[in-house]
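Novice: Quick one: the structure is below, and I'll ask about it shortly.
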Amino acid sequence: MGAFQLPSQITQKNQKIIHVDMDCFFAAVEMLDNPELKDKAVAVGGSPNGRGVLCTANYEARKFGIRSAMSSVEALKKCPHLIFIRPRSSRYKEISDQIKEIFHTYTDKVEPLSLDEAFLDVTNSSDCQGSATLIAEKIKNDIFQKTGLTASAGVAPNKFLAKVASDWKKPNGLFVINPHETAQFAKELPIGLVPGIGKVTEKKCHSLGLRTLGDVHHYPYSWLESHFGKFAGSLYSKSFGIDNRTVGSNGSRKSLGCEETYHSDLMSYSEIEDRLPFLAEELSFRTNHYFNKNPDGPRPIKIYVKVKTNEFNLHTYEKLLRHIPLKLDNERDLIETSKVLLDNFHNMFQDLYNKIDSPPLRLLGVGFRIAANPHQEIERMGQLRLL
């Protein structure tokens, strides 16, 4: 194999990106509000008496192999003394809003990924003499002073490496990847630590001879495409430490959604059903945040669901909306909206899953398509089937 070289057609934008990820956020909030839970194994999620699924678990529980998206029944088998707590959506949102206020004191370019994590672009920030590392340290300290919770942060020239870095020294960690280190760091990164690659895909990569991201360089791009489809392009760029996605967007938003990639493939529709309540609730929160921030902005015209198979094939299903949930002022509104969304997601995922012959799935996603003038857009599309 020849010397490691960056292809001339791929260049990295000059960015300073911070990824902030709260440490086991939901469980940490519960321990903050109830100090008696300290040093005990705690999980937030559904009851083990039904088909519950975990949202998250604290580090004490993770010692037993407990993780998010695991069924509550399986979690109880691994840790019989595990304490289950039902999610308190309004409380988590309250603290999440406080954290987002801190982000916006340093930059307007903030891209929340969920209630507990976000990307920040501080490229043009004058705080801390423009040092992204010092800004990340201040943000972590501000969060702790204001909420009593810890966060981990990653600093890098792009979103991909910043997200990897934030997980490098958890909990309460800070890890920095400098521009001159990106190519070598990406080359040596274990393939299973690449965002979007779960346990099943990691095994597939290992069987193909890909144990580090740099192993991608041993094969022609056509080979990557044959095994990873559209994901090949992203994998190839990241193998050189390159990711030119920007944080947020000041342009016209076309969609609003959330998705989850799972450690283990979902093998049946019942496993999909177990995970839908959390997607519906997360989408309700994101919709609420978006409407509060953009009271006169674009509005939803469609609802969509999407799945990605274990072969990286992406499938979507969309429907026009008759009722658009504009009022989400309190927890009751959020709960009602979640129920409406959940009913529709159940039906749409069932139809889509049957249509594609029920393959193992690695990702589920839900969301809205939005437009500046919903009524005009609906008229333009014609008389389509309404919810």
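FYI, it's all coordinate maths here, none of it is from the lab. The structure displayed is predicted, hence computed values, not measured ones. Glycine also receives a Cβ, built like all others from the backbone with ideal geometry; neighbour counts cover every protein chain displayed.
Novice: How would you order 31-41, 275-285, 79-89 from highest to lowest mean count of nearby Cβ atoms within 10 Å? Intermediate results must be reported in sequence, preceding the final value.
Specialist: On the way: 31-41: 13.6, 275-285: 21.7, 79-89: 15.9.
Order by mean packing, descending: 275-285, 79-89, 31-41.
Novice: Quick query: amide H of LEU174 versus all other amide H atoms, modeled in the peptide plane; which residues come in under 5 Å with a sequence gap of 5 or more or a different chain?
Specialist: ALA153
Novice: Just to confirm my numbers, what's the Cα centroid distance between segment 138-154 and segment 215-283 in Å?
Specialist: So the two Cα centres are separated by 28 Å.
Novice: Work out the P(r) tail for segment 25-88: percent of alpha carbon pairs separated by more than 20 Å, whole number. Mind dumping the intermediate values first?
Specialist: On the way: 282 of 2016 pairs.
Taking all Cα-Cα pairs of segment 25-88, the fraction more than 20 Å apart is 14 percent.
Novice: With r defined as the distance between the Cβ atoms of ASN347 and CYS128 and R0 fixed at 35 Å, what FRET efficiency is calculated, to the nearest 0.05? Show your work: numbers first, answer last.
Specialist: On the way: r = 50 Å, r/R0 = 1.44.
That gives a FRET efficiency of 0.10.
Novice: Given a cut-off of under 8 Å on Cα pairs at least six residues apart, what relative contact order in percent is computed for segment 72-172? The partial results should precede the final answer.
Specialist: Working: 90 pairs, mean separation 15.6, N = 101.
Relative CO of segment 72-172 lands at 15 percent.
Novice: Go through 348-356, 130-138, 13-21 and give me the packing order, highest mean Cβ count within 10 Å leading.
Specialist: On the way: 348-356: 15.7, 130-138: 18.6, 13-21: 22.0.
Highest mean packing first, the order is 13-21, 130-138, 348-356.
Novice: While we're on this one: Over segment 178-249, calculate the relative contact order: mean separation of alpha carbon pairs under 8 Å at least 6 apart, over the residue count, as a percent.
Specialist: Values: 64 pairs, mean separation 27.4, N = 72.
Once divided by the residue count of segment 178-249, the mean separation gives 38 percent.
Novice: Given q = 0.15 Å⁻¹, what are the Debye log10 I(q)/I(0) values for segment 178-249, with equal point scatterers placed on the Cα positions and solvent ignored?
Specialist: Debye intensities relative to I(0), on a log10 scale: -0.48.
Novice: For a quick protection proxy, order the peptides 201-211, 111-121 by their average other-Cβ count within 10 Å, most packed first.
Specialist: Details: 201-211: 15.9, 111-121: 20.5.
My ranking of the peptides, most packed first, is 111-121, 201-211.
Novice: Something else now. Using θ = phi - 60° and the Karplus curve 6.51 cos²θ - 1.76 cosθ + 1.60, what whole-Hz ³J(HN,Hα) does each residue of segment 236-241 get, with Gly and Pro shown as x?
Specialist: Taking θ as phi minus 60°, the curve returns 5, 4, 5, 5, 9, x Hz for segment 236-241.
Novice: Relative contact order for segment 25-88 using alpha-carbon pairs under 8 Å, separation at least 6, rounded to a whole percent? Write out the running numbers ahead of the final one.
Specialist: Values: 116 pairs, mean separation 22.3, N = 64.
The normalised contact order for segment 25-88 reaches 35 percent.
Novice: For LEU113, enumerate residues with amide H under 5 Å from its amide H, sequence gap 5+ or separate chain, H modeled in the peptide plane.
Specialist: Result for LEU113 returns ALA118, PHE119.
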